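Take a look at the structure below.
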Amino acid sequence: MTDNIPAILVLADGRTFHGYGFGATGTTLGEAVFTTGMTGYQETMTDPSYHRQLVVTAAPQIGNTGWNDEDNESHDNQIWVAGLIIRDLAKRVSNWRAARSLPEEMEKQGIIGIRGIDTRTLVRHLRNDGSIAAGIFSGEAAERPVEELIEEVKGQESMKGADLSAQVSTQDNYTVPAEGEKKYTVVAYDMGIKTATPRNFAKYGIETIVVPAGTSFEKIQELNPDGVFVSNGPGDPATADEMVNVVRDVLAAKIPFFGICFGNQILGRALGLDTYKMKFGHRGINVPVRNQLTGKIDITSQNHGFALASPSGKENPAGEKFDSDFGPAVVTHTCLNDNTIEGVALESGLAYSVQYHPESAAGPHDANPLFEQFVELMDANPQNK
């Protein structure tokens, strides 16, 4: 905290914020997005869905709980955010599980941060004008002419149209065993999977075989799964034609299907819906979602910048039914903040997905019963008898 390394955050629209660097020093580019979560910065930073994003924390002080070796959400403990933007960095670590400080871990992994800026103003700017290409420049990089930095920020690849899942996915299959007696085998497509997801499956007696994004349907058939799962992940779902075709094969084979976040967008596309880039997305652990089938409202953890388009084009698609190549389908969940689609399903019950994170890492546990729903779906499937 004694090092006041000059740093500057530069947005593609020309707006700049001066502060101080922490973690690694240098240059990092990405899309500036904000998260409203008051806790869970370690889970956020290691979530592969944040690949190529500069995360702005709406919470004013970050780093209080340091960094531990238990709460990482990436399979290899890697930090995936492109950079971290905060107001205040905690002067000391205050948690019994902490193994080191946040800046120490960021420096170790080469992650650049900026502190001491007015994040309230920045969050308002992103909320009003939308997520935007940005860059953090610290140390000698911050001494370059601002005009030059703006041009570098503008020159980076857009998040719209970006195919990123292969960059964060596992390269080889690996297995997470069931806890206790094994009941089912599920193939989970790693589009950027969080480690909490297979841990939740394990509690229900599910052995999870995690496979790389884009693994062919023929290869997963060889694993003889009782169900197929598609995880969260980064990038534009409009680029995921390969995975959409895999899910269509899964549905045609009548294998129980469950998807979350990116998996929700993939299922929606397999059922015939379009996707679009949101203005600033949903990122936080307090997003209210209504289950249109039951009327129940869950407070959910979310991280996405793309969404499914309404089947009819209506502003509020809550409960809308639509036809698909695999039978009647329905919009099962919507966000109470902006009416975006938060879940779709086949009316047959064979496939369902949600846009939020029931694994609760970090976040509330309201949606955790979705894992039990998957077990019940496999219980009811005649092919698993």
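For the charge dipole of segment 146-292, defined by +1 on Lys and Arg C-beta atoms and -1 on Asp and Glu C-beta atoms about the Cα centroid, which residue among Met243, Ile255, Asn291 has the Cα displaced farthest towards the positive pole?
Result: Asn291.
What is the P(r) of segment 135-257, as percent of Cα-Cα pairs per 10 Å bin from 0?
Cα pair-distance distribution for segment 135-257, in percent: 12, 35, 24, 13, 11, 5, 0.
Can you run phi through the Karplus equation (6.51, -1.76, 1.60; θ = phi - 60°) for segment 118-129 and list ³J(HN,Hα) in whole Hz, with x for Gly and Pro?
7, 5, 5, 5, 5, 4, 4, 4, 5, 5, 7, 9
Once you list every other residue whose beta carbon is under 13 Å from the beta carbon of Ile193, what net charge do they have if Lys and Arg are +1 and Asp and Glu are -1? Could the numbers behind the result be given before it?
Numbers: positive: Lys194, Arg199; negative: Asp47, Glu73, Asp76, Asp190, Glu359.
Taking every other residue near Ile193 into account, the sum is -3.
For segment 160-249, run through the trypsin sites (Lys or Arg not before Pro) and keep only the ones in DSSP coil with at most 13 other Cβ atoms within 10 Å of their Cβ.
Passing sites in segment 160-249 are Lys182.
Taking the mean number of other Cβ atoms within 10 Å as a proxy for protection, how do you rank 313-322, 221-230, 62-71 from highest to lowest?
221-230, 62-71, 313-322
Straight distance only, please: which lysines reach the Cα of Lys296 with their own Cα at less than 21 Å, same-chain residues fewer than 8 apart left out?
Correct list for Lys296: Lys321.
Using a cut-off of 10 Å between beta-carbons, work out the net charge of the residues near Ala99 (Lys and Arg +1, Asp and Glu -1, Ala99 not included).
-2
Over all distinct Cα pairs, what is the inverse of the mean 1/r for segment 165-380, reported as the Kirkwood hydrodynamic radius in Å?
16.9 Å
Give me the lysines in straight-line cross-link reach of Lys277: C-alpha distance below 16 Å, same-chain residues under 8 apart excluded.
Of all the lysines, those that pass the test against Lys277 - Cα under 16 Å, at least 8 places apart if same chain - are Lys160.
Considering only protein heavy atoms and a probe of 1.4 Å, how much of the accessible area of segment 259-385 is carbon and sulfur, as a whole percent?
With neighbouring chains kept in place, the figure for segment 259-385 is 49 percent.
What ranking do 278-285, 40-47 get when scored by the average of other Cβ atoms within 10 Å per residue, highest first?
The peptides rank, most packed first, as 40-47, 278-285.
Quote the relative contact order of segment 165-380 in percent (integer), defining contacts as alpha-carbon pairs under 8 Å separated by 6+ residues.
Details: 513 pairs, mean separation 38.0, N = 216.
Normalised by residue count, the contact order of segment 165-380 is 18 percent.
Per residue of the chain, what 222 nm ellipticity follows from adding -39500 (n - 2.57) for every DSSP H run with n ≥ 4, rounded to the nearest 500? Numbers along the way, then the final one.
On the way: 10 runs with 83 residues, N = 385.
Helix contribution divided over all residues of the chain: -6000 deg cm²/dmol.
Give the span of the chain's Cα atoms along each principal axis, as three whole-Å numbers ordered largest to smallest.
65, 46, 37
Pairs Lys108/Lys182; Lys154/Lys219; Lys219/Lys314; Lys182/Lys254; Lys91/Lys154; Lys254/Lys279: which are spaced more than 31 Å apart, C-alpha to C-alpha?
Result: Lys108/Lys182; Lys154/Lys219; Lys219/Lys314; Lys91/Lys154; Lys254/Lys279 exceed 31 Å.
Using alpha-carbon positions, what is the distance between the centroids of segment 193-225 and segment 227-261, in Å?
That distance is 12 Å.
Report the normalised scattering of segment 60-153 as log10 I(q)/I(0) at q = 0.12 Å⁻¹, calculated by the Debye formula with identical scatterers on the alpha carbons.
-0.48
Give me the 1.4 Å probe accessible area per residue for the chain, excluding ligands and nucleic acids, in Å².
Working: 15890 Å² over 385 residues.
Dividing the accessible area of the chain by its residue count gives 41 Å².
What order, most packed first, do the peptides 125-133, 236-244 have when packing is the mean number of other Cβ atoms within 10 Å of each residue?
236-244, 125-133
The values are calculated or read from the model by the stated rules, or taken from the named source; none is laboratory data. Bear in mind the structure is a predicted one, so any value in this text is a computation, not a measurement. Note that we place each Cβ from the backbone using ideal geometry, even for glycine, and neighbour counts take in every protein chain shown. Surface accessibility is based on the protein's heavy atoms, side chains included, excluding ligands, DNA and RNA. Shrake-Rupley method; radii C 1.70, N 1.55, O 1.52, S 1.80 Å.
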